[in-house]
Amino acid sequence: MAGLVWSGAGATLAATITVPNGSFESPAPPPGFPVSPMINAWQETPQPAWFNPADFGGMTWDQLSGVFPNPPPGDPSHIVNADGQQAAYLFAVPGVGLFQDYGSVAWNEAAPSHAFDATYEVGLGYELTVGVLAGPGMAPGATLRLSFYYRDASDALVTVAARDVVFSEADFPTTTFLNDYQVSLPIVADGDAWAGQKIGVSLLATTPGGSYWDVDNVRLVAIPEPGSLALLTLGAGALYLARRRVRSHGRP
């Protein structure tokens, strides 16, 4: 997987995979508008047949998700640990969601940009981390699903691993602080259907909540299996010793 930057030490060694517009910084809402349903790099989930704008105060399906600027410090709605200047919102309505992969198409694209070009590599595990907060009045038990997926031969999105974020007042005591939630995918094996497929990530409201979810700072890392990790560590150690030997002979 080209372009990975390995960091950390010991069992925490991991490689960062960039998720385009992972902090929802673009585009900024038009002047005079507090939110925008347009989100670069991410594709919105399709409108289901049951949806009727009249049941949602005239809001269209695409308006149920979007981006918004974080209010300035001192504002009661300021998100204290937001990454960057903006975040995204998803109304807690089943089916409202955002997803991104090699073949996804954002609002401003006529065809896939292929900007998110990452593959499930054999011998690597993956961890997706998302900052999440729940808006005021969220119903107890409301869920937001974080998922890994791939596209099969029919272009259907096939879930590989998922985790439901479940609202409770204990877990979300404030509407101004993002909690980090992770979904982990175990080491990819040769026989896995997703081995060699393009990585996809999804954020999806799955139950009615009567409020909204805010999401921010989507992070993705690849983690090597223990055997590969040992080889990487040994390789780094050998390089260090070689440099020490060169220095001992008076070379820089």
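The values are calculated or read from the model by the stated rules, or taken from the named source; none is laboratory data. Everything numeric here is computed off the predicted structure, so don't read it as measured data. Here the Cβ is made from the backbone with ideal geometry for all residues, glycine too, and neighbour counts use every protein chain on show.
Just one of (1) under 29 Å from Gly84 (Cβ atoms); (2) exposed (fewer than 14 other Cβ atoms within 10 Å of the Cβ); (3) not polar (S, T, N, Q) fails for Val132. It is (2).
A single entry from Ala54, Ala49 fulfils the requirement of being more than 16 Å from the chain's Cα centre (by Cα), over 29 Å from Tyr126 (Cα atoms), in a helix (DSSP H, G or I) and at pLDDT 95 or above: Ala54.
Based on this model, can you work out whether Ser104 counts as under 22 Å from Ser211 (Cα atoms), of a type in the set (Ser, Thr, Tyr) and buried (at least 18 other Cβ atoms within 10 Å of the Cβ)? Spell out the reasoning first.
Details: under 22 Å from Ser211 (Cα atoms): no; of a type in the set (Ser, Thr, Tyr): yes; buried (at least 18 other Cβ atoms within 10 Å of the Cβ): yes.
Criteria not met by Ser104.
So which residues in the range 46-95 are in contact with a Phe, Trp or Tyr (Cβ under 8 Å, 6 or more places away or on another chain) and of a type in the set (Val, Ile, Thr)? Result: Val67, Ile79, Val80, Val93. For the range 137-189, a residue qualifies if it is touching a Ser or Thr at 6+ places or on another chain (Cβ under 9 Å), within 21 Å of Val221 (Cβ to Cβ) and among the small types (Gly, Ala, Ser), and the qualifying residues are Ser147, Ala161, Ala162. Looking only at residues of the range 8-19 that are out of contact with any strand residue (DSSP E or B) (no Cβ under 7 Å at 6 or more places or on another chain) and in a loop (DSSP other than H, G, I, E, B), we find that the one that is nearest to Val218 (Cα to Cα) is Thr18.
Can you work out which of the residues in the range 203-234 that are of a type in the set (Ser, Thr, Tyr) and farther than 17 Å from Phe172 by Cβ is modelled with the highest pLDDT?
To start, the set of residues in the range 203-234 that are of a type in the set (Ser, Thr, Tyr) comprises 206-207, 211-212, 228, 233.
Still in the list and also farther than 17 Å from Phe172 by Cβ: 228, 233.
On the way: Ser228: 50, Thr233: 45.
Looking at residues that are of a type in the set (Ser, Thr, Tyr) and farther than 17 Å from Phe172 by Cβ, I get Ser228.
Does Gly200 satisfy the condition of being modelled with pLDDT of 95 or more and touching a Ser or Thr at 6+ places or on another chain (Cβ under 8 Å)?
Details: modelled with pLDDT of 95 or more: yes; touching a Ser or Thr at 6+ places or on another chain (Cβ under 8 Å): yes.
Yes.
Does the range 157-180 include one or more residues that are buried (at least 16 other Cβ atoms within 10 Å of the Cβ) and of a type in the set (Ser, Thr, Tyr)? For the range 157-180, residues buried (at least 16 other Cβ atoms within 10 Å of the Cβ) and of a type in the set (Ser, Thr, Tyr): present.
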